[in-house]
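Please read the structure below before turning to the comments.
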Amino acid sequence: MRKVMIALVLASVGAPAMAQTVTSRAKTADYQFSYVYPAAAARIAGLKAWLDADRARMQAKTARGGTAGRRHAAEGGYPYNAYSFDKTWKVVTDTPRFLSLSGDSYNFTGGAHGMPASYGLLWDKKADRRLEPKAVFTSVAALQAATRTAYCARLKAEQVRRNEGHVSSMNTCPPVKNLTVLLGSTNGRALDRIGLIADAYLAGSYAEGAYEVTLPVTRAIVAAVKPEYRGAFAVR
C-alpha cells in the first residue's frame, strides 16, 4: 500500500488574520497535490463549501491520472514522473457587495513541462452565491467592446517589451471570451479596475508566460455591467 501524506492547516502568511490561508496537501508515489485558499473565503460557508468541493474534485482527478500514468509508464518501459497539481486562490479585493478572488494553478502530467492556468471568482454577498466575473456583464461581447481598444494597446506594449522590441506571429490580441477576468478595487468600496489575463499560448509562447493587463473601470465598462450590479462599480 502506497504511503499517503495529507495535511490541512490554517497557516499564517503574515501578521493579520486576513493574511491566513487554508492549505491542503497530499503526496503519494503517484502524485503530489496542493490547494490553498484565503481565510476570508473560509469564513463564508457557501464559498468554503464550493472551494472544498473543487479541491476534492481536483485531487481525485490528479490521483486517477497519476495511477494511470504510472501504469502506462510500466507498460511502455519508460520512467514515471509523478503527476502534480497546485492551485492557489488569493483575495483581489473585498468590497461591501463582492469578495473577489484570483486563482492560479499548475498541472504536471508527465510531459516536457506542466501547464499553468488562471481563474477569477466573485462571491456575491447580497445574493450569497458564486459568480464567474464575466457573468456580471450584459454579455461577453459588450465587455469586449468596452475594453478592446485599451486592452490590445496595453497588451501589445507588454509583448514588445518582453520580446525586446519584437512581436512574434503568436503575439495576437485574444478575445475576451478566452481571457480570465478579475475585478478589483483601489479603495475597498467599489469595483473600479478590471484585470484581463491571457494564459500561456494565448498571447505569446509558453516561455513568455501569461500576460495580465489591468484597466481602470470606465463609463463604457459600467454601461456593459448588468443593471443589478452597477451599484457595485465606480468609474476611475
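The values are calculated or read from the model by the stated rules, or taken from the named source; none is laboratory data. From a predicted model like this one, the values you see are computed outputs, not experimental measurements. Because the Cβ atoms are built from the backbone with ideal geometry, glycine has one as well, and the counts that use them run over all protein chains shown.
Quick notes
- Enumerated strands (runs of 3 or more DSSP E) restricted to segment 1-72, each holding at least 2 residues that are at pLDDT below 95, among the polar types (S, T, N, Q) and farther than 15 Å from F85 by Cα: none
- Failed item, numbered, when A223 is tested on (1) over 30 Å from E164 (Cβ atoms); (2) crowded, with 18+ Cβ neighbours inside 10 Å; (3) of a type in the set (G, A, S): (2)
- Residues considered: A146, A141. Of these, the only one that is closer than 24 Å to L121 by Cα and either in contact (Cβ under 8 Å) with a residue 60 or more places away in the chain or basic (K, R) (or both) is A146.
- For segment 177-202, the candidate set comprises residues that are in contact with a Leu (Cβ under 8 Å, 6 or more places away or on another chain) and over 17 Å from Y119 (Cβ atoms); within that set, the residue that is surrounded by the most Cβ atoms within 10 Å (Cβ to Cβ) is L191.
- Any strands (runs of 3 or more DSSP E) falling wholly within segment 83-132 and containing at least 2 residues that are outside the structural domain of S185 (by TED's automatic domain parsing) and not charged (D, E, K, R): 83-94, 98-108, 115-124
- Test for F137: is it more than 16 Å from the chain's Cα centre (by Cα) and not β-branched (V, I, T): yes
- For segment 203-212, the set of residues classified as part of a strand (DSSP E or B) and surrounded by 21 or more Cβ atoms within 10 Å (Cβ to Cβ) consists of Y211 only.
- Single unsatisfied condition, E158 versus (1) assigned to a loop (DSSP other than H, G, I, E, B); (2) more than 21 Å from G103 (Cβ to Cβ); (3) under 21 Å from the mean Cα position of the chain (by Cα); (4) modelled with pLDDT under 95: (1)
- Flag for L143 being part of a strand (DSSP E or B) and crowded, with 19+ Cβ neighbours inside 10 Å: no
- N187 being assigned to a loop (DSSP other than H, G, I, E, B) and closer than 19 Å to A234 by Cα: yes
- Extreme residue, surrounded by the fewest Cβ atoms within 10 Å (Cβ to Cβ), among residues of segment 63-104 that are without any contact (Cβ under 8 Å) to a residue 40 or more places away in the chain and of a type in the set (S, T, Y): Y78
- The set of residues from segment 153-166 being surrounded by 14 or more Cβ atoms within 10 Å (Cβ to Cβ) and out of contact with any strand residue (DSSP E or B) (no Cβ under 9 Å at 6 or more places or on another chain) comprises K156, N163.
- The residues of segment 173-224 that are at pLDDT below 95 and among the acidic types (D, E) amount to a single one, E208.
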